[in-house]
Amino acid sequence: MSAAAADAISLARLVPQARERDEIADLLERYVHTLDNGRIDEWSAFFADDATYQVTTRENVEAGMPLGIVLCEGRGMMDDRIKALKIANIFESHSYRHVVGRPLVEVLGNGSYAVRSSFVVYRTMYTGQTDVFATGCYDDVLKPGPQGLQFAQRRVILDSRIVDTLMVYPL
Amino acid sequence: MSAAAADAISLARLVPQARERDEIADLLERYVHTLDNGRIDEWSAFFADDATYQVTTRENVEAGMPLGIVLCEGRGMMDDRIKALKIANIFESHSYRHVVGRPLVEVLGNGSYAVRSSFVVYRTMYTGQTDVFATGCYDDVLKPGPQGLQFAQRRVILDSRIVDTLMVYPL
Amino acid sequence: MSAAAADAISLARLVPQARERDEIADLLERYVHTLDNGRIDEWSAFFADDATYQVTTRENVEAGMPLGIVLCEGRGMMDDRIKALKIANIFESHSYRHVVGRPLVEVLGNGSYAVRSSFVVYRTMYTGQTDVFATGCYDDVLKPGPQGLQFAQRRVILDSRIVDTLMVYPL
(Lines give C-alpha, C1' and ligand atoms only; values in the text may rest on other atoms or scores of the structure.)
Protein backbone atom coordinates (compact mmCIF):
# COMPACT_ATOMS: atom_id res chain seq x y z
CA MET A 1 0.00 0.00 0.00
CA SER A 2 1.26 3.49 -0.78
CA ALA A 3 1.86 5.96 2.05
CA ALA A 4 -0.86 8.17 0.60
CA ALA A 5 -3.37 5.33 0.64
CA ALA A 6 -2.40 4.48 4.22
CA ASP A 7 -2.87 8.12 5.19
CA ALA A 8 -6.28 8.14 3.56
CA ILE A 9 -7.33 5.09 5.53
CA SER A 10 -5.87 6.51 8.72
CA LEU A 11 -7.76 9.79 8.24
CA ALA A 12 -10.98 7.99 7.44
CA ARG A 13 -10.65 6.14 10.73
CA LEU A 14 -10.62 9.45 12.61
CA VAL A 15 -14.31 9.66 11.84
CA PRO A 16 -16.15 7.22 14.10
CA GLN A 17 -18.84 5.03 12.60
CA ALA A 18 -22.48 5.40 13.64
CA ARG A 19 -22.28 2.18 15.66
CA GLU A 20 -19.22 3.44 17.54
CA ARG A 21 -20.83 6.82 18.25
CA ASP A 22 -23.94 5.13 19.60
CA GLU A 23 -22.01 2.81 21.88
CA ILE A 24 -19.95 5.71 23.26
CA ALA A 25 -22.88 8.07 23.75
CA ASP A 26 -24.94 5.34 25.41
CA LEU A 27 -22.10 4.58 27.82
CA LEU A 28 -21.84 8.23 28.86
CA GLU A 29 -25.59 8.42 29.33
CA ARG A 30 -25.87 5.17 31.29
CA TYR A 31 -23.11 6.48 33.57
CA VAL A 32 -25.08 9.60 34.52
CA HIS A 33 -28.40 7.75 34.86
CA THR A 34 -26.69 5.32 37.23
CA LEU A 35 -25.44 8.19 39.41
CA ASP A 36 -28.69 10.15 39.21
CA ASN A 37 -30.62 7.07 40.29
CA GLY A 38 -28.37 6.82 43.35
CA ARG A 39 -26.80 3.49 42.36
CA ILE A 40 -23.30 4.50 43.43
CA ASP A 41 -22.24 0.92 44.10
CA GLU A 42 -22.23 0.45 40.33
CA TRP A 43 -20.10 3.52 39.70
CA SER A 44 -16.67 1.90 39.52
CA ALA A 45 -17.92 -0.80 37.14
CA PHE A 46 -17.81 1.82 34.37
CA PHE A 47 -14.03 1.96 34.74
CA ALA A 48 -11.18 -0.34 33.72
CA ASP A 49 -9.26 -1.85 36.66
CA ASP A 50 -6.33 0.53 36.15
CA ALA A 51 -8.37 3.55 35.14
CA THR A 52 -7.91 7.05 36.55
CA TYR A 53 -10.76 9.26 37.71
CA GLN A 54 -9.89 12.89 38.31
CA VAL A 55 -11.82 16.04 39.22
CA THR A 56 -10.07 19.30 38.51
CA THR A 57 -10.88 22.86 37.46
CA ARG A 58 -10.52 24.75 34.20
CA GLU A 59 -8.22 27.17 36.04
CA ASN A 60 -5.91 24.34 37.14
CA VAL A 61 -5.80 22.89 33.62
CA GLU A 62 -5.04 26.27 32.01
CA ALA A 63 -2.29 26.90 34.55
CA GLY A 64 -0.76 23.51 33.70
CA MET A 65 -1.26 22.27 37.24
CA PRO A 66 -1.54 18.49 37.17
CA LEU A 67 -3.08 18.16 40.60
CA GLY A 68 -6.80 18.48 40.97
CA ILE A 69 -9.40 18.11 43.65
CA VAL A 70 -9.95 14.37 43.46
CA LEU A 71 -7.72 11.67 42.01
CA CYS A 72 -8.48 7.96 42.05
CA GLU A 73 -5.95 5.64 40.44
CA GLY A 74 -7.58 2.28 39.84
CA ARG A 75 -10.99 0.87 40.70
CA GLY A 76 -9.83 -0.09 44.18
CA MET A 77 -9.41 3.57 45.13
CA MET A 78 -12.81 4.33 43.66
CA ASP A 79 -14.50 1.59 45.66
CA ASP A 80 -12.74 2.75 48.84
CA ARG A 81 -14.00 6.23 48.22
CA ILE A 82 -17.58 5.05 47.89
CA LYS A 83 -17.28 2.93 51.05
CA ALA A 84 -16.04 5.94 53.02
CA LEU A 85 -18.85 8.05 51.68
CA LYS A 86 -21.44 5.50 52.69
CA ILE A 87 -20.04 5.33 56.21
CA ALA A 88 -20.16 9.11 56.42
CA ASN A 89 -23.77 8.79 55.27
CA ILE A 90 -23.94 12.14 53.59
CA PHE A 91 -25.86 11.03 50.54
CA GLU A 92 -29.34 11.09 51.89
CA SER A 93 -30.28 14.68 51.69
CA HIS A 94 -30.06 15.48 48.00
CA SER A 95 -30.24 14.08 44.50
CA TYR A 96 -28.51 14.95 41.27
CA ARG A 97 -29.44 15.30 37.62
CA HIS A 98 -26.82 15.37 34.87
CA VAL A 99 -27.53 16.67 31.38
CA VAL A 100 -24.72 15.84 28.96
CA GLY A 101 -24.09 17.36 25.55
CA ARG A 102 -23.26 15.37 22.43
CA PRO A 103 -19.83 13.76 22.76
CA LEU A 104 -17.08 14.74 20.33
CA VAL A 105 -15.25 11.52 19.47
CA GLU A 106 -11.72 10.96 18.18
CA VAL A 107 -10.69 7.46 17.13
CA LEU A 108 -7.40 6.49 18.80
CA GLY A 109 -7.00 3.00 17.35
CA ASN A 110 -7.01 -0.41 19.06
CA GLY A 111 -10.68 0.13 19.82
CA SER A 112 -9.99 3.20 21.99
CA TYR A 113 -11.44 6.68 21.77
CA ALA A 114 -10.79 10.17 23.12
CA VAL A 115 -14.12 11.75 23.96
CA ARG A 116 -15.07 15.23 25.14
CA SER A 117 -18.52 16.30 26.28
CA SER A 118 -20.03 19.27 28.08
CA PHE A 119 -22.22 18.73 31.11
CA VAL A 120 -24.33 20.45 33.72
CA VAL A 121 -25.30 18.90 37.05
CA TYR A 122 -28.30 20.06 39.09
CA ARG A 123 -28.68 19.28 42.76
CA THR A 124 -32.08 19.02 44.41
CA MET A 125 -32.03 19.38 48.18
CA TYR A 126 -34.40 17.63 50.54
CA THR A 127 -36.25 20.93 50.81
CA GLY A 128 -37.06 20.67 47.11
CA GLN A 129 -34.75 23.50 46.07
CA THR A 130 -32.95 22.80 42.76
CA ASP A 131 -29.72 24.59 41.83
CA VAL A 132 -26.94 24.34 39.29
CA PHE A 133 -24.34 22.30 41.13
CA ALA A 134 -21.58 22.23 38.53
CA THR A 135 -20.89 22.84 34.86
CA GLY A 136 -17.88 21.64 32.92
CA CYS A 137 -16.40 19.23 30.44
CA TYR A 138 -15.66 15.52 30.56
CA ASP A 139 -12.27 14.66 29.06
CA ASP A 140 -12.39 10.88 28.66
CA VAL A 141 -10.45 7.99 27.19
CA LEU A 142 -12.48 4.85 26.52
CA LYS A 143 -11.08 1.41 25.78
CA PRO A 144 -12.54 -2.05 25.22
CA GLY A 145 -13.33 -4.11 28.30
CA PRO A 146 -14.72 -7.63 28.76
CA GLN A 147 -18.30 -6.39 28.22
CA GLY A 148 -17.94 -3.37 25.98
CA LEU A 149 -16.26 0.00 26.37
CA GLN A 150 -14.94 1.19 29.72
CA PHE A 151 -13.38 4.40 30.97
CA ALA A 152 -9.59 4.23 30.94
CA GLN A 153 -9.62 7.88 32.04
CA ARG A 154 -12.35 10.25 33.14
CA ARG A 155 -11.13 13.76 33.84
CA VAL A 156 -13.89 16.06 35.07
CA ILE A 157 -12.93 19.67 34.34
CA LEU A 158 -15.14 22.04 36.34
CA ASP A 159 -15.78 25.57 35.08
CA SER A 160 -15.78 27.04 38.57
CA ARG A 161 -12.75 27.30 40.81
CA ILE A 162 -15.01 27.37 43.84
CA VAL A 163 -15.90 23.81 44.67
CA ASP A 164 -18.22 22.66 47.39
CA THR A 165 -15.85 21.03 49.89
CA LEU A 166 -18.51 18.40 50.49
CA MET A 167 -18.43 17.51 46.82
CA VAL A 168 -18.01 13.84 47.48
CA TYR A 169 -20.51 12.35 45.09
CA PRO A 170 -18.99 11.10 41.83
CA LEU A 171 -19.46 13.45 38.87
CA MET B 1 -33.48 -22.70 15.06
CA SER B 2 -31.73 -23.56 18.31
CA ALA B 3 -32.75 -21.81 21.51
CA ALA B 4 -29.26 -20.31 21.74
CA ALA B 5 -29.55 -18.86 18.25
CA ALA B 6 -33.00 -17.45 19.04
CA ASP B 7 -31.60 -15.89 22.21
CA ALA B 8 -28.78 -14.37 20.23
CA ILE B 9 -31.25 -12.81 17.82
CA SER B 10 -33.46 -11.64 20.66
CA LEU B 11 -30.51 -10.05 22.42
CA ALA B 12 -29.30 -8.42 19.25
CA ARG B 13 -32.73 -6.83 18.89
CA LEU B 14 -32.33 -5.17 22.26
CA VAL B 15 -29.91 -2.85 20.54
CA PRO B 16 -31.88 -0.37 18.46
CA GLN B 17 -30.75 0.40 14.94
CA ALA B 18 -29.51 3.86 13.98
CA ARG B 19 -32.74 4.56 12.09
CA GLU B 20 -34.82 3.63 15.14
CA ARG B 21 -32.71 5.78 17.46
CA ASP B 22 -33.05 8.75 15.15
CA GLU B 23 -36.81 8.43 14.87
CA ILE B 24 -37.17 8.17 18.66
CA ALA B 25 -34.81 11.01 19.48
CA ASP B 26 -36.44 13.26 16.87
CA LEU B 27 -39.88 12.55 18.33
CA LEU B 28 -38.71 13.53 21.82
CA GLU B 29 -37.14 16.69 20.48
CA ARG B 30 -40.12 17.73 18.34
CA TYR B 31 -42.29 17.28 21.44
CA VAL B 32 -40.31 19.80 23.47
CA HIS B 33 -39.93 22.28 20.60
CA THR B 34 -43.73 22.17 20.15
CA LEU B 35 -44.24 23.01 23.83
CA ASP B 36 -41.48 25.61 23.94
CA ASN B 37 -42.98 27.34 20.90
CA GLY B 38 -46.30 27.57 22.75
CA ARG B 39 -48.17 25.29 20.35
CA ILE B 40 -50.05 23.47 23.12
CA ASP B 41 -52.98 22.58 20.86
CA GLU B 42 -50.63 20.11 19.17
CA TRP B 43 -49.55 18.52 22.45
CA SER B 44 -51.98 15.58 22.58
CA ALA B 45 -51.22 14.63 18.97
CA PHE B 46 -47.95 13.14 20.22
CA PHE B 47 -49.94 10.51 22.15
CA ALA B 48 -51.89 7.41 21.16
CA ASP B 49 -55.65 7.64 21.78
CA ASP B 50 -55.40 5.43 24.87
CA ALA B 51 -52.07 6.75 26.12
CA THR B 52 -51.36 7.78 29.69
CA TYR B 53 -49.58 10.99 30.66
CA GLN B 54 -48.43 11.22 34.24
CA VAL B 55 -46.42 13.69 36.29
CA THR B 56 -45.00 12.38 39.54
CA THR B 57 -41.95 12.81 41.76
CA ARG B 58 -38.88 10.72 42.37
CA GLU B 59 -39.92 10.50 46.03
CA ASN B 60 -43.32 9.05 45.09
CA VAL B 61 -41.76 6.54 42.74
CA GLU B 62 -39.16 5.40 45.30
CA ALA B 63 -41.90 5.04 47.93
CA GLY B 64 -43.89 2.86 45.51
CA MET B 65 -46.77 5.31 45.49
CA PRO B 66 -48.62 4.97 42.21
CA LEU B 67 -50.41 8.30 42.43
CA GLY B 68 -48.70 11.37 41.16
CA ILE B 69 -49.51 15.01 40.62
CA VAL B 70 -51.15 14.77 37.22
CA LEU B 71 -52.69 11.77 35.49
CA CYS B 72 -54.36 11.87 32.08
CA GLU B 73 -55.74 8.59 30.74
CA GLY B 74 -56.39 8.98 27.04
CA ARG B 75 -56.09 11.92 24.64
CA GLY B 76 -59.57 13.13 25.59
CA MET B 77 -58.43 13.94 29.11
CA MET B 78 -55.35 15.66 27.71
CA ASP B 79 -57.42 17.84 25.39
CA ASP B 80 -59.82 18.71 28.22
CA ARG B 81 -56.87 19.74 30.33
CA ILE B 82 -55.56 22.08 27.65
CA LYS B 83 -59.04 23.59 27.12
CA ALA B 84 -59.33 24.32 30.84
CA LEU B 85 -55.90 25.89 30.88
CA LYS B 86 -56.74 28.14 27.95
CA ILE B 87 -59.93 29.33 29.65
CA ALA B 88 -57.96 30.05 32.80
CA ASN B 89 -55.61 32.00 30.53
CA ILE B 90 -52.54 31.51 32.64
CA PHE B 91 -50.13 30.82 29.82
CA GLU B 92 -49.35 34.34 28.78
CA SER B 93 -46.83 35.43 31.28
CA HIS B 94 -43.96 33.02 30.76
CA SER B 95 -42.22 30.71 28.33
CA TYR B 96 -40.37 27.45 28.70
CA ARG B 97 -37.21 25.87 27.33
CA HIS B 98 -36.56 22.13 27.59
CA VAL B 99 -33.12 20.62 27.16
CA VAL B 100 -33.27 16.83 26.87
CA GLY B 101 -30.39 14.37 27.24
CA ARG B 102 -29.73 11.48 24.90
CA PRO B 103 -32.52 8.88 25.20
CA LEU B 104 -31.63 5.37 26.39
CA VAL B 105 -33.67 2.99 24.25
CA GLU B 106 -34.78 -0.58 24.90
CA VAL B 107 -36.47 -2.51 22.10
CA LEU B 108 -39.74 -4.07 23.34
CA GLY B 109 -40.84 -5.80 20.14
CA ASN B 110 -43.86 -5.15 17.90
CA GLY B 111 -42.32 -1.81 16.98
CA SER B 112 -42.47 -0.53 20.57
CA TYR B 113 -39.71 0.92 22.74
CA ALA B 114 -39.06 1.77 26.38
CA VAL B 115 -37.18 5.06 26.50
CA ARG B 116 -35.63 7.01 29.36
CA SER B 117 -34.16 10.50 29.09
CA SER B 118 -33.06 13.21 31.51
CA PHE B 119 -34.38 16.73 31.11
CA VAL B 120 -34.21 20.23 32.51
CA VAL B 121 -36.87 22.89 31.93
CA TYR B 122 -36.18 26.61 32.26
CA ARG B 123 -38.96 29.14 32.72
CA THR B 124 -38.59 32.72 31.56
CA MET B 125 -41.01 35.16 33.18
CA TYR B 126 -42.42 38.23 31.49
CA THR B 127 -39.94 40.26 33.50
CA GLY B 128 -37.13 38.48 31.65
CA GLN B 129 -36.00 36.44 34.65
CA THR B 130 -34.98 32.86 33.73
CA ASP B 131 -34.90 30.07 36.33
CA VAL B 132 -34.65 26.31 36.49
CA PHE B 133 -38.29 25.25 36.59
CA ALA B 134 -37.86 21.49 36.85
CA THR B 135 -35.36 18.69 36.39
CA GLY B 136 -36.14 15.02 36.08
CA CYS B 137 -36.45 11.99 33.89
CA TYR B 138 -38.91 10.97 31.18
CA ASP B 139 -39.98 7.32 31.47
CA ASP B 140 -41.70 6.63 28.15
CA VAL B 141 -43.20 3.83 26.12
CA LEU B 142 -43.48 4.49 22.39
CA LYS B 143 -45.51 2.48 19.90
CA PRO B 144 -46.31 2.75 16.20
CA GLY B 145 -49.18 5.04 15.20
CA PRO B 146 -50.73 5.91 11.85
CA GLN B 147 -47.96 8.44 11.11
CA GLY B 148 -44.95 7.14 12.98
CA LEU B 149 -44.20 6.59 16.64
CA GLN B 150 -46.49 7.91 19.38
CA PHE B 151 -46.33 7.98 23.15
CA ALA B 152 -48.23 5.07 24.69
CA GLN B 153 -46.98 6.29 28.06
CA ARG B 154 -45.13 9.39 29.20
CA ARG B 155 -44.30 9.41 32.88
CA VAL B 156 -42.55 12.61 33.99
CA ILE B 157 -40.55 11.92 37.14
CA LEU B 158 -39.58 15.20 38.80
CA ASP B 159 -36.48 15.37 41.00
CA SER B 160 -38.07 17.81 43.42
CA ARG B 161 -40.93 16.98 45.75
CA ILE B 162 -41.86 20.65 45.87
CA VAL B 163 -43.91 21.36 42.79
CA ASP B 164 -45.30 24.70 41.76
CA THR B 165 -49.05 24.29 42.29
CA LEU B 166 -49.60 26.34 39.16
CA MET B 167 -47.61 23.77 37.20
CA VAL B 168 -50.27 23.38 34.59
CA TYR B 169 -48.25 23.51 31.42
CA PRO B 170 -47.42 20.10 29.93
CA LEU B 171 -43.91 18.89 30.64
CA MET C 1 -40.35 10.15 -13.94
CA SER C 2 -43.91 10.78 -12.80
CA ALA C 3 -44.70 13.74 -10.56
CA ALA C 4 -45.76 11.31 -7.82
CA ALA C 5 -42.44 9.48 -8.01
CA ALA C 6 -40.56 12.77 -7.91
CA ASP C 7 -42.58 13.82 -4.85
CA ALA C 8 -41.80 10.53 -3.17
CA ILE C 9 -38.10 11.05 -3.75
CA SER C 10 -38.30 14.65 -2.61
CA LEU C 11 -40.12 13.63 0.58
CA ALA C 12 -37.65 10.86 1.27
CA ARG C 13 -34.87 13.43 1.06
CA LEU C 14 -36.48 15.46 3.84
CA VAL C 15 -35.19 12.78 6.19
CA PRO C 16 -31.47 13.28 6.67
CA GLN C 17 -29.18 10.27 6.58
CA ALA C 18 -27.23 9.20 9.68
CA ARG C 19 -24.00 10.52 8.14
CA GLU C 20 -25.58 13.92 7.53
CA ARG C 21 -27.03 14.10 11.05
CA ASP C 22 -23.66 13.28 12.55
CA GLU C 23 -21.83 15.91 10.51
CA ILE C 24 -24.39 18.56 11.46
CA ALA C 25 -24.54 17.69 15.15
CA ASP C 26 -20.74 17.55 15.37
CA LEU C 27 -20.47 21.00 13.77
CA LEU C 28 -22.89 22.50 16.29
CA GLU C 29 -21.01 20.87 19.15
CA ARG C 30 -17.54 21.89 17.92
CA TYR C 31 -18.85 25.47 17.66
CA VAL C 32 -19.82 25.61 21.34
CA HIS C 33 -16.68 23.82 22.55
CA THR C 34 -14.62 26.39 20.63
CA LEU C 35 -16.42 29.26 22.36
CA ASP C 36 -16.41 27.59 25.77
CA ASN C 37 -12.68 27.02 25.48
CA GLY C 38 -12.19 30.74 24.82
CA ARG C 39 -10.89 30.29 21.28
CA ILE C 40 -12.87 33.24 19.89
CA ASP C 41 -10.40 33.88 17.09
CA GLU C 42 -11.73 30.69 15.50
CA TRP C 43 -15.36 31.76 15.79
CA SER C 44 -15.87 33.27 12.35
CA ALA C 45 -14.30 30.25 10.63
CA PHE C 46 -17.54 28.38 11.31
CA PHE C 47 -19.32 30.76 8.93
CA ALA C 48 -19.42 31.17 5.15
CA ASP C 49 -17.91 34.43 3.88
CA ASP C 50 -21.34 35.93 3.22
CA ALA C 51 -23.08 34.40 6.24
CA THR C 52 -25.30 36.29 8.64
CA TYR C 53 -25.07 36.02 12.42
CA GLN C 54 -27.96 37.48 14.35
CA VAL C 55 -28.98 37.62 18.00
CA THR C 56 -32.62 38.45 18.66
CA THR C 57 -35.39 37.63 21.14
CA ARG C 58 -38.42 35.40 20.97
CA GLU C 59 -40.54 38.51 21.61
CA ASN C 60 -39.04 40.26 18.57
CA VAL C 61 -39.55 37.23 16.36
CA GLU C 62 -43.17 36.76 17.46
CA ALA C 63 -43.87 40.45 16.84
CA GLY C 64 -42.43 40.12 13.34
CA MET C 65 -39.68 42.62 14.07
CA PRO C 66 -36.73 41.84 11.83
CA LEU C 67 -34.20 43.81 13.85
CA GLY C 68 -32.48 42.13 16.73
CA ILE C 69 -29.76 42.89 19.19
CA VAL C 70 -26.74 41.92 17.11
CA LEU C 71 -26.45 41.57 13.35
CA CYS C 72 -23.25 40.65 11.51
CA GLU C 73 -23.46 40.39 7.73
CA GLY C 74 -20.41 38.56 6.48
CA ARG C 75 -17.31 37.20 8.21
CA GLY C 76 -15.62 40.59 7.97
CA MET C 77 -18.14 42.10 10.38
CA MET C 78 -17.72 39.11 12.68
CA ASP C 79 -13.94 39.49 12.76
CA ASP C 80 -14.25 43.23 13.40
CA ARG C 81 -16.54 42.50 16.29
CA ILE C 82 -14.06 40.11 17.87
CA LYS C 83 -11.19 42.60 17.38
CA ALA C 84 -13.18 45.31 19.14
CA LEU C 85 -14.01 42.97 21.97
CA LYS C 86 -10.39 42.02 22.44
CA ILE C 87 -9.35 45.67 22.58
CA ALA C 88 -12.06 46.32 25.16
CA ASN C 89 -10.57 43.34 27.02
CA ILE C 90 -13.78 42.35 28.72
CA PHE C 91 -13.38 38.62 28.29
CA GLU C 92 -11.16 37.83 31.17
CA SER C 93 -13.51 37.71 34.04
CA HIS C 94 -15.85 34.88 33.15
CA SER C 95 -16.27 31.69 31.18
CA TYR C 96 -19.20 30.08 29.43
CA ARG C 97 -20.65 26.60 29.06
CA HIS C 98 -23.17 25.76 26.34
CA VAL C 99 -25.37 22.67 26.48
CA VAL C 100 -27.17 22.08 23.19
CA GLY C 101 -30.15 19.81 22.55
CA ARG C 102 -30.44 17.41 19.64
CA PRO C 103 -30.72 19.33 16.37
CA LEU C 104 -33.87 18.96 14.28
CA VAL C 105 -32.72 18.80 10.66
CA GLU C 106 -34.59 19.59 7.44
CA VAL C 107 -32.90 18.78 4.13
CA LEU C 108 -33.04 21.83 1.83
CA GLY C 109 -31.25 20.37 -1.19
CA ASN C 110 -27.92 21.30 -2.79
CA GLY C 111 -26.21 20.01 0.33
CA SER C 112 -27.89 22.60 2.57
CA TYR C 113 -29.91 22.10 5.75
CA ALA C 114 -32.25 24.06 7.99
CA VAL C 115 -31.44 23.17 11.59
CA ARG C 116 -33.08 24.10 14.89
CA SER C 117 -31.71 23.31 18.31
CA SER C 118 -32.42 24.39 21.89
CA PHE C 119 -29.60 25.62 24.07
CA VAL C 120 -28.72 26.87 27.52
CA VAL C 121 -25.60 28.88 28.33
CA TYR C 122 -24.12 29.09 31.81
CA ARG C 123 -21.72 31.82 32.85
CA THR C 124 -19.14 31.29 35.57
CA MET C 125 -17.76 34.49 37.07
CA TYR C 126 -14.25 34.91 38.39
CA THR C 127 -15.71 34.57 41.87
CA GLY C 128 -16.77 31.04 41.00
CA GLN C 129 -20.48 31.83 40.85
CA THR C 130 -22.30 29.99 38.03
CA ASP C 131 -25.63 31.22 36.65
CA VAL C 132 -27.91 30.59 33.73
CA PHE C 133 -26.81 33.25 31.26
CA ALA C 134 -29.24 32.58 28.42
CA THR C 135 -31.67 30.01 27.08
CA GLY C 136 -33.10 29.90 23.59
CA CYS C 137 -33.09 28.31 20.18
CA TYR C 138 -30.61 28.30 17.33
CA ASP C 139 -32.27 28.80 13.93
CA ASP C 140 -29.54 27.86 11.45
CA VAL C 141 -28.94 27.31 7.77
CA LEU C 142 -25.90 25.20 6.91
CA LYS C 143 -24.31 24.88 3.49
CA PRO C 144 -21.26 23.15 2.07
CA GLY C 145 -17.95 24.99 2.34
CA PRO C 146 -14.41 24.12 1.21
CA GLN C 147 -13.86 21.88 4.27
CA GLY C 148 -17.32 20.64 5.18
CA LEU C 149 -20.49 22.35 6.32
CA GLN C 150 -20.53 26.02 7.34
CA PHE C 151 -23.14 28.34 8.77
CA ALA C 152 -24.87 30.36 6.06
CA GLN C 153 -27.13 31.75 8.79
CA ARG C 154 -27.09 31.49 12.57
CA ARG C 155 -30.02 33.24 14.22
CA VAL C 156 -29.86 33.08 18.01
CA ILE C 157 -33.38 33.49 19.41
CA LEU C 158 -33.19 34.26 23.13
CA ASP C 159 -36.10 33.36 25.40
CA SER C 160 -35.67 36.45 27.56
CA ARG C 161 -36.34 39.99 26.42
CA ILE C 162 -33.95 41.28 29.07
CA VAL C 163 -30.48 40.96 27.66
CA ASP C 164 -27.29 41.79 29.45
CA THR C 165 -26.08 44.91 27.63
CA LEU C 166 -22.54 43.61 28.00
CA MET C 167 -23.52 40.49 26.08
CA VAL C 168 -20.65 40.76 23.70
CA TYR C 169 -19.40 37.23 23.58
CA PRO C 170 -20.64 35.17 20.63
CA LEU C 171 -23.50 32.81 21.43
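In the set A:L67, A:L14, only one residue is within 14 Å of another protein chain (Cβ to nearest Cβ), open to solvent by 10 Å² or more (accessible area, probe 1.4 Å) and not in a helix (DSSP H, G or I); that residue is A:L14. Exactly one residue among B:E62, B:E20 is within 11 Å of another protein chain (Cβ to nearest Cβ), over 13 Å from the mean Cα position of the chain (by Cα), surrounded by fewer than 21 Cβ atoms within 10 Å (Cβ to Cβ) and within 22 Å of A:V100 (Cβ to Cβ), and that residue is B:E20.
For first residues located in the stretch A:79-96 and at pLDDT below 85, partners that are in a helix (DSSP H, G or I) and lie 6+ apart or on another chain with Cβ distances below 7 Å form the pairs A:F91/A:L85. The residues on offer are B:T34, B:T56, and the sole one that is within 14 Å of chain C (Cβ to nearest Cβ) and either open to solvent by less than 30 Å² (accessible area, probe 1.4 Å) or touching a strand residue (DSSP E or B) at 6+ places or on another chain (Cβ under 7 Å) (or both) is B:T34. If you go through the stretch A:80-94 one residue at a time, do you hit one that is of a type in the set (S, T, Y), at the interface with another protein chain (Cβ under 8 Å from one of its Cβ atoms) and either within 27 Å of B:R123 (Cα to Cα) or more than 16 Å from the chain's Cα centre (by Cα) (or both)? Among the residues of the stretch A:80-94, not one is of a type in the set (S, T, Y), at the interface with another protein chain (Cβ under 8 Å from one of its Cβ atoms) and either within 27 Å of B:R123 (Cα to Cα) or more than 16 Å from the chain's Cα centre (by Cα) (or both), which makes the answer no.
What tally of residues in the stretch A:97-116 results from selecting those that are assigned to a strand (DSSP E or B) and surrounded by 21 or more Cβ atoms within 10 Å (Cβ to Cβ)? Steps first, please.
Taking the stretch A:97-116 as the starting set, the residues that turn out to be assigned to a strand (DSSP E or B) are A:97-100, A:104-109, A:112-116.
Okay, now just the ones that are also surrounded by 21 or more Cβ atoms within 10 Å (Cβ to Cβ), so A:97-99, A:105, A:113, A:115.
Within the stretch A:97-116, residues that are assigned to a strand (DSSP E or B) and surrounded by 21 or more Cβ atoms within 10 Å (Cβ to Cβ) number 6.
Taking the stretch C:142-164 as the range and being under 18 Å from the mean Cα position of the chain (by Cα) and within 14 Å of chain B (Cβ to nearest Cβ) as the test, the residues that pass are C:V156, C:I157, C:L158, C:D159, C:S160, C:V163.
Inspect all residues belonging to the stretch A:100-117 and state whether any of them is under 30 Å from B:R97 (Cβ atoms) and modelled with pLDDT under 95. There is no residue in the stretch A:100-117 that is under 30 Å from B:R97 (Cβ atoms) and modelled with pLDDT under 95. All of (1) in a strand (DSSP E or B); (2) within 14 Å of another protein chain (Cβ to nearest Cβ); (3) at pLDDT 95 or above hold for C:R123 with one exception: (3).
The single condition among (1) within 29 Å of C:D49 (Cβ to Cβ); (2) surrounded by fewer than 13 Cβ atoms within 10 Å (Cβ to Cβ) that C:T127 does not satisfy is (1). Check the stretch B:134-141 and report whether any residue there is of a type in the set (D, E), within 13 Å of chain A (Cβ to nearest Cβ), under 24 Å from B:R21 (Cα atoms) and touching a residue at least 60 places away in the same chain (Cβ under 8 Å). So far as the stretch B:134-141 goes, no, none of its residues is of a type in the set (D, E), within 13 Å of chain A (Cβ to nearest Cβ), under 24 Å from B:R21 (Cα atoms) and touching a residue at least 60 places away in the same chain (Cβ under 8 Å). Would you check if there is a residue in the stretch A:43-59 being in contact with a Pro (Cβ under 6 Å, 6 or more places away or on another chain) and outside any loop (DSSP other than H, G, I, E, B)? Yes, because at least one residue in the stretch A:43-59 is in contact with a Pro (Cβ under 6 Å, 6 or more places away or on another chain) and outside any loop (DSSP other than H, G, I, E, B).
The values are calculated or read from the model by the stated rules, or taken from the named source; none is laboratory data. Owing to the predicted nature of the structure, the values given are computational and were not obtained by experimental measurement. Cβ: placed from backbone, ideal geometry, glycine included. Neighbour counts: every protein chain shown. What goes into the accessible areas is simple: the full protein's heavy atoms, side chains included, and nothing from ligands, DNA or RNA. Shrake-Rupley method; radii C 1.70, N 1.55, O 1.52, S 1.80 Å.
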